[in-house]
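Read the structure below first, then the notes.
The values are calculated or read from the model by the stated rules, or taken from the named source; none is laboratory data. Owing to the predicted nature of the structure, the values given are computational and were not obtained by experimental measurement. In this analysis, Cβ positions are derived from the backbone assuming ideal geometry, glycine residues included, and neighbour counts consider all displayed protein chains. When the accessible area is computed, the model is the full protein with side chains, heavy atoms only, and any ligands, DNA or RNA have been set aside. Shrake-Rupley method; radii C 1.70, N 1.55, O 1.52, S 1.80 Å.
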Protein chains: 2
Amino acid sequence: MNKTEQFLQLKGIRVTAMRILIYNFLSEKKVTVTLSDIENAFDKADRTTLYRTIKTFEDKEIVHQIDDGTGVTKYALCEPNCHCDLNTDLHLHFHCTQCGATVCLTDHKIPKIKVPNGYIAEHVNLVVKGICDKCSVK
Amino acid sequence: MNKTEQFLQLKGIRVTAMRILIYNFLSEKKVTVTLSDIENAFDKADRTTLYRTIKTFEDKEIVHQIDDGTGVTKYALCEPNCHCDLNTDLHLHFHCTQCGATVCLTDHKIPKIKVPNGYIAEHVNLVVKGICDKCSVK
DNA sequence: TAAAATAATGCACTTCCATTGCATTGATTA
DNA sequence: TAATCAATGCAATGGAAGTGCATTATTTTA
């Protein structure tokens, strides 16, 4: 049993071929991916399976969703100690309007946000749009 | 010619009955609205007209889009000196997970966000989720 | 280890929202 | 007033998300 398999088992889900493949696919990517990206990478597999695999990964805090404002949900592997549900360890996401890539800037934590009296903040989503490092040098 | 009509003309678009109605509808709302909300308020009008009216308002910086992560695009009137395209005057949005309302917290400006070298930030979208003031007192 | 239980996968559908083409109606301008 | 251009309405499309159910695979336990 290799690292990926051990990891999935540790997370309390069944280790299947599909899950190993999708997990490895995600870990190779430096940018966030859409369901369609995964679909294109595994055109033999059914869309629903991929969809539900990602949902399972989300539930088990293996991946997190990113809403970058393009209208399509992006996904990325969580960091080792990520607790996406909680108000901790929130990093920001950058969406490049040129190449369309969305990346996790895990080193850039989100500053404390003040909300008015009576409001209770539970989750923060911060997306910066602009030109990424690869596109800005061209 | 009243205030609304003057305003629309100032923005460089034709003043039509539909546009006046939609503008007034938006200005009465304290929360952001979806296209469906507008549709329900004007069930005599065609969906496409409402859709394109909002798009026109967006182009002319009369309304701005809010992506609160619910998957449905929300809209709200811009503030007097709002330039949504530019990196100025960005306020944050609050989405209440209980009542589903999304409000513009126009008094709460977004802190300067640092991005890594090579990245060029052009726009910032910040959505805080939690419980709003009305729901938290219940 | 075979049978029973539970979970994962695949197929077919459905729903919802966003968007477009085209004809028609309405508003502006020459 | 005719010609021009923009706004509206209708019909249709496309994309993404999500669900029900049958089938296959994996795990448990008797």
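So the values come out like this:
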quantity	calculated
Residues of the stretch B:107-138 that turn out to be among the polar types (S, T, N, Q) and within 28 Å of A:Thr106 (Cα to Cα), as a count	2
Hits in the stretch B:97-138 - residues which are among the β-branched types (Val, Ile, Thr) and in contact with a Lys or Arg (Cβ under 8 Å, 6 or more places away or on another chain)	B:Thr97, B:Thr102, B:Val103, B:Val124
Any pair with Cβ under 9 angstrom, 6 or more apart, that starts in the stretch A:1-22 at a residue that is closer than 18 Å to A:Cys78 by Cβ and ends at one that is of a type in the set (Phe, Trp, Tyr) and more than 9 Å from DNA strand D (Cβ to nearest atom)	A:Thr4/A:Tyr23; A:Phe7/A:Tyr23; A:Leu8/A:Tyr23; A:Lys11/A:Phe57; A:Ile13/A:Phe57; A:Arg19/A:Phe57; A:Ile22/A:Phe42; A:Ile22/A:Phe57
A:Val63 being closer than 19 Å to A:Val127 by Cβ and within 16 Å of DNA strand D (Cβ to nearest atom)	yes
Count - residues of the stretch A:21-60 that are more than 10 Å from DNA strand D (Cβ to nearest atom), of a type in the set (Asp, Glu) and over 18 Å from A:Asn2 (Cβ atoms)	2
Within the stretch B:48-79, tally of residues that are among the aliphatic types (A, V, I, L, M), out of contact with any strand residue (DSSP E or B) (no Cβ under 6 Å at 6 or more places or on another chain) and either open to solvent by 30 Å² or more (accessible area, probe 1.4 Å) or more than 10 Å from DNA strand C (Cβ to nearest atom) (or both)	1
First in the stretch B:91-107 and at positive phi, second anywhere and at pLDDT below 90, Cβ under 9 Å, 6 or more apart	B:Gly100/B:Thr70
All positions within the stretch A:13-47 that are loosely packed, with under 14 Cβ neighbours inside 10 Å and either away from DNA strand C (no atom under 13 Å from the Cβ) or on the phi > 0 side of the Ramachandran plot (or both)	A:Asn24, A:Ser27, A:Glu28, A:Lys30, A:Ser36, A:Asn40
Only one of A:Val63, A:Val128 that is closer than 26 Å to B:Gly118 by Cα and of a type in the set (Val, Ile, Thr)	A:Val128
